[in-house]
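Each reported figure results from applying straightforward, stated rules to the coordinates on display, with no laboratory input. Owing to the predicted nature of the structure, the values given are computational and were not obtained by experimental measurement. Every residue, glycine as well, gets a Cβ built from its backbone with ideal geometry; the counts of neighbours run over all protein chains shown.
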Amino acid sequence: MASLSLKKVSSAWIITILTLFICAIVFGILMRLNQGNDIKLSPNGFYTLMTTHGLTMIGIWTVAGMVGIQYLLSRYTTVSAKLNVFALVLTIIGVIMLWISTFVGNFHTGWTFLYPFPFYIAWAKWATPLFLWSLAVLGIGWFVWSVGILVEILKKYSLKQAFAWQHLSKKDPEVTTPPFILIATVSLVGIILCLITAVILLILFFAEYYSNGSFKNDPLLMKNLTYFFGHTLANEALYLGVALLYELLPEVSGRPKFKMTWYIALAWNFTMIFVLTAFFHHMYMDFVQPLGFQMVGQLASYFASIPAAAVSALSVIFLVYGNKIKWSLTNILFFIGVIGWMIGGIGAVIDATISNNIVLHNTLWVPAHFHTYNAMGNVLFCLAFFWWVANEFAGSQETTKSHKITIGLMLIGGFGFVLMFYIAGAASVPRRFAFYPNELQIGMTTATWAAFFATLYLIAMLAIIWEIVRKCIRVFYSS
Amino acid sequence: MNEYKFILLVFLDAAILIGLLGYYIYKSSLNPEGDKSIKNPLRKRFFFLIMLSAVLLILLAITIPKSPYFLFADKPPSKLVFVDAKQFNFIMSYQAINPKNPSAGESIELPVDQPVEFRVTSLDVNHGFGIYNSRAELVTQTQAMPGYVNRLRWEFKEPGTYKILCLEYCGLGHPVMSSSFIVK
């Protein structure tokens, strides 16, 4: 049972996340309008927006999952709201530092800040250390929070039970592990590994920066560390959203809870391993990378999709098909999120095939697939939770009001927006171009259309977010 | 149909299929008549996962040999081109480039239907080396990483002017970082 203090801090998180989300969508629309030649941003303006947009989005939708996990974990064990407040304070400080480094200091390396780019200073000199320290502050907050949540899980379940290993050897073990606990554990372990890697990466950056160049890093190692951290974090963030789905979808649909079975246990344990090596697909075009890693990259990218995506999608299909479902905005968002996740997954598997990657790598196909499984996948999983919890905060029963217009706008806007990326990506248009050369006219046309569709998506999001925030604010007045 | 359109078409077909399947499943839950729920879900799921694994294994077996690391590996290149990327231009030469005093050689002309090798590195940050044909289609690419040399082998099938674009974000001049060479 969630305490009032947990409700209040979760509310504060939700309002913070959704405010940053709206800002980051607007940044994205401005970028697409500039690429479409509809507005004129300076290259500096474009790339500071790009850096802020990428890091803000990936950050907020990781913590969104964590907020949901900790809130729902209170059904199983006691959770600490203090831990949550600590992470929120450090996140707000970290985001302010990050935005100052980009918007005031003009730091613009993109989210990847690939070594040695941050040291080739084309911005205020202080912006490089401020940017790196902002990541350190965010990293510390999230690391302590993730470890804290994992400890909370381990207060109730042994490590073996948290990973549901007892389900692999016995059909009906004495202690059953809810799928929510297993997926949360697997994802948190992954996130902790990502954050440890981020710490190593930052230490190496700081070592070179503060030694005034007498210590030099290895670019290949730094690139591997960057993508291990960045790619894996994005994947684990999605899995946190999936954990919310496993816990809430049957409940709000009036169906029996998902039960742990040996194959769900096996699937998610495999996912934990595969997802940690899938990041190698970012390095396909670095031919100096050991060949074995390239092969592992494709193998892991293919087989990471089977346990998590296929098992979860089938679970949802079996839950819904032919059964009378009490549809509400919560389960509609979860359901569309699964479809978005599957479609984005297909785009990802195509890109993760090395022989395709040679013509897709760093084209707009890359933002195409990750925007699909984020904007139309994980964001919807987390919004479903936010919607559900906001109703719980307000003490109101969720109505079965259809929200047809909102959903329609979201579907047309969201899928239209990503379709423009796919078309341009297949037409070889590079990503991260502030503007396009004349021969890539299709890049401009699709960018303008993408801005239009993204605006529809934004309108739908504003309609949903407005109601969520209004209900969340009420918690602060309750005692 | 070229490979770019093929990739897009495969994706769109799969996406539409998933969308239609989703709609069909959603509709089935609105007013189900009688018990239409799926029987033996465990068996059906197991069968589906085996099928999916088999498809992915077949795709792996077909696509891995087409990876760029194996292309033209047994054919000695008829020409070598050294490429040093630098914010925001490409320096290309038939001879190795001195990083302390990098300068381009004569303009690059490459033979059609013969393997050539690009030895690509960077003198500052990470860059990309993307080769576009005259129809603005990305033909092949590799990364330009400081301290490392990526060897890209390719055989150009069509004569013409090929444009090089940077495919790794490298700074404000990233979209204008380009060069070209001729194949004849």
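Hey, what does the equivalent ellipsoid look like for region A:1-78, semi-axes from the Cα gyration tensor as sqrt of 5 times each eigenvalue, largest first, whole Å?
Working: eigenvalues 259, 20, 13 Å².
Sorted largest first and rounded, they come to 36, 10, 8 Å.
Can you work out the base-10 log of I(q)/I(0) for chain A at q = 0.06, 0.09, 0.10, 0.13 1/Å, using the Debye formula on its C-alpha atoms alone?
Computed log10 I(q)/I(0) values: -0.25, -0.59, -0.73, -1.32.
Of A:78, A:434, A:142, which is farthest on the positive side of the dipole of chain A, counting Cα position, with +1 on Lys and Arg Cβ, -1 on Asp and Glu Cβ, and the Cα centre as origin?
Highest projection toward the positive end goes to A:78.
Between B:99, B:68, B:111, which gets the highest mean-square fluctuation from a Gaussian network model of chain B, Cα cutoff 10 Å?
With Cα springs under 10 Å in chain B, the top fluctuation among B:99, B:68, B:111 is at B:99.
Evaluate the Debye formula for region B:3-66 with equal point scatterers sitting on the alpha carbons, no solvent, and hand back log10 of I(q)/I(0) at q = 0.25, 0.27 Å⁻¹, in q order, two decimals.
-1.14, -1.15
For the protein assembly as shown, what does the helix formula give at 222 nm: sum of -39500 (n - 2.57) over DSSP H segments with n ≥ 4, over the residue count, nearest 500 deg cm²/dmol?
-20500 deg cm²/dmol
State, as an integer percentage, the relative contact order of region A:104-183 based on alpha-carbon contacts under 8 Å between residues 6 or more apart.
Numbers: 37 pairs, mean separation 15.2, N = 80.
Answer for region A:104-183 is 19 percent.
I need the peptides B:122-131, B:16-25 ranked by packing, meaning the mean over residues of other C-beta atoms within 10 angstrom, with the highest value on top. Display every interim value, and only then the final one.
Values: B:122-131: 24.0, B:16-25: 14.7.
The densest-packed peptide leads the list: B:122-131, B:16-25.
Taking residue B:44 as the anchor, which lysines have their alpha carbon closer than 24 Å to its alpha carbon, excluding any fewer than eight residues away along the same chain?
Answer for residue B:44, where 24 Å is the Cα cut-off: A:170, A:171, A:257, A:259, A:324, B:27, B:36, listed by chain and number.
Give me the Kirkwood hydrodynamic radius of region B:79-183, using the inverse of the mean 1/r over all pairs of distinct Cα atoms, in Å to one decimal. Display every interim value, and only then the final one.
Values: mean 1/r = 0.0739 Å⁻¹.
This gives a value of 13.5 Å.
Along the Cα→Cβ direction, 7 angstrom out, place labels at residue B:100 and residue A:125. What is the inter-label distance in nm?
2.7
So which residue, out of B:101, B:31, B:133, gets the largest mean-square fluctuation from a GNM of chain B using Cα contacts under 10 Å as springs?
Per the Cα network of chain B with a 10 Å cutoff, B:31 tops the list.
For the protein assembly as shown, with the dipole built from +1 on Lys and Arg beta-carbon atoms and -1 on Asp and Glu ones, taken about the Cα centre, which of A:229, B:6, A:88 lies farthest toward the positive end?
Among A:229, B:6, A:88, the one farthest towards the positive end of the dipole of the protein assembly as shown is A:88.
So how do A:369, A:403 line up by other beta-carbon neighbours within 10 Å, fewest first? Walk me through the intermediate numbers first.
Numbers: A:369 25, A:403 20.
Sorted ascending by nearby Cβ count, the order is A:403, A:369.
Find, to one decimal place in angstroms, the Kirkwood hydrodynamic radius of region A:132-207, where the mean of 1/r is taken over every pair of different Cα atoms and then inverted. Display every interim value, and only then the final one.
Values: mean 1/r = 0.0723 Å⁻¹.
Hydrodynamic radius (Kirkwood, Cα pairs) of region A:132-207 is 13.8 Å.
Per residue, how big is the convex hull around the C-alpha atoms of region A:78-185? Give it to me in cubic angstrom, could you?
On the way: hull volume 12.9 nm³, N = 108.
Residue-normalised Cα hull volume stands at 120 Å³.
Using only the alpha carbons, work out the radius of gyration and Dmax of region A:409-457 in angstrom.
Rg, Dmax (Cα atoms, Å): 10.8, 33.
Evaluate Rg over Rh across chain B, taking Cα atoms for both radii and Kirkwood's formula for Rh. Before the final figure, lay out the partial values.
Numbers: Rg = 23.9 Å, Rh = 20.1 Å.
Radius of gyration over Kirkwood radius for chain B works out to 1.19.
When 1/r is averaged over all different Cα pairs and the result inverted, which Kirkwood radius in Å belongs to region A:1-158?
Computed over Cα pairs of region A:1-158, the Kirkwood hydrodynamic radius comes out at 16.9 Å.
Determine Rg/Rh for region A:174-260; Rg is computed over alpha-carbon atoms and Rh is the Kirkwood hydrodynamic estimate from the same atoms. Before the final figure, lay out the partial values.
Numbers: Rg = 19.1 Å, Rh = 15.3 Å.
Looking at region A:174-260, the ratio lands at 1.25.
Need one number: % antiparallel among DSSP beta bridges in region B:79-183, to the nearest 5. Walk me through the intermediate numbers first.
Numbers: 26 of 36 bridges.
Here the antiparallel bridges make up roughly 70 percent for region B:79-183.
Quick one: work out Rg over Rh on the C-alpha atoms of region A:280-350, Rh as Kirkwood radius. The partial results should precede the final answer.
Working: Rg = 16.8 Å, Rh = 14.3 Å.
Dividing the radius of gyration by the Kirkwood radius yields 1.18.
Where both residues lie in the protein assembly as shown, what percent of DSSP beta bridges are antiparallel, nearest 5? Mind showing how you got there, number by number?
Details: 27 of 37 bridges.
Given both bridge residues lie in the protein assembly as shown, the antiparallel proportion sits at roughly 75 percent.
Return one quarter of the surface area of the convex hull spanned by the alpha-carbon atoms of region A:209-297, equal to its mean projected area, in nm².
8.9
Projected area of region A:385-479, taken from the Cα convex hull and averaged over every viewing direction, in nm²? Display every interim value, and only then the final one.
On the way: hull surface 31.8 nm².
Computed as one quarter of the Cα hull surface, the answer is 8.0 nm².
To the nearest 20 Debye, how big is the dipole of region B:79-183 about its Cα centre, given +1 on the beta carbon of each Lys and Arg and -1 on that of each Asp and Glu? Numbers along the way, then the final one.
On the way: 9 positive and 10 negative charges, 29 e Å.
Value, rounded to 20: 140 debye.
Partner chain Cβ atoms within 10 Å, averaged over the residues of A:330-341 - can you pull that number for me? Could the numbers behind the result be given before it?
On the way: counts 0, 1, 1, 0, 0, 4, 3, 0, 3, 8, 4, 1.
Going residue by residue through A:330-341 and averaging, the value is 2.
Which whole number gives the average, over all residues in A:279-289, of C-beta atoms from other chains lying within 10 Å of the residue C-beta?
Details: counts 0, 0, 0, 0, 2, 6, 14, 7, 12, 9, 5.
Averaged over the peptide's residues, the number is 5.
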